[in-house]
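I have placed the structure first, in the form of structure tokens, so that the comments after it can refer back to it.
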Amino acid sequence: MPAAEFRQIAALKSRALHLGRPAKKNELLRIGLLLVSALSDEALVIALDQLEPSRPAKPKKPKLAKRADS
């Protein structure tokens, strides 16, 4: 997730705190899911097009097999 989006989450947490309703990051993300689920197909595509592209995840390193101690 881009740093700007982490700052947005922090700003929303601060806003909720000032409104007398502290919120966790998890709650804010769940609210986002509820709101996005209510979008029309057209609005969803528009919202997706406005996202900053994220970097692809780094491939996981293969786990090394454990050696039996002799």
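Please treat every number below as a calculation from the coordinates, not as lab data. Because the structure is predicted, anything quoted here is derived from the model rather than measured. No Cβ is skipped: glycine too gets one built from the backbone with ideal geometry, and neighbour counts run over all protein chains shown.
Rounded to the nearest 20, the size of the Cβ-charge dipole of the chain about its Cα centre is 720 debye, with Lys and Arg at +1 and Asp and Glu at -1.
Computed from Cα atoms, the angle from the helix 25-37 axis to the main principal axis of the chain rounds to 60 degrees.
Counting only lysines at least 8 places from Lys13 when in the same chain, those with an alpha carbon closer than 20 Å to its own are Lys24, Lys25. Once each of the trypsin sites (Lys or Arg not before Pro) sitting in a DSSP loop with at most 13 other beta-carbon atoms within 10 Å is removed, the chain keeps 25-59 as its longest stretch. Helix 41-50 and the long axis of the chain differ in direction by around 70°, with both axes built from C-alpha atoms.
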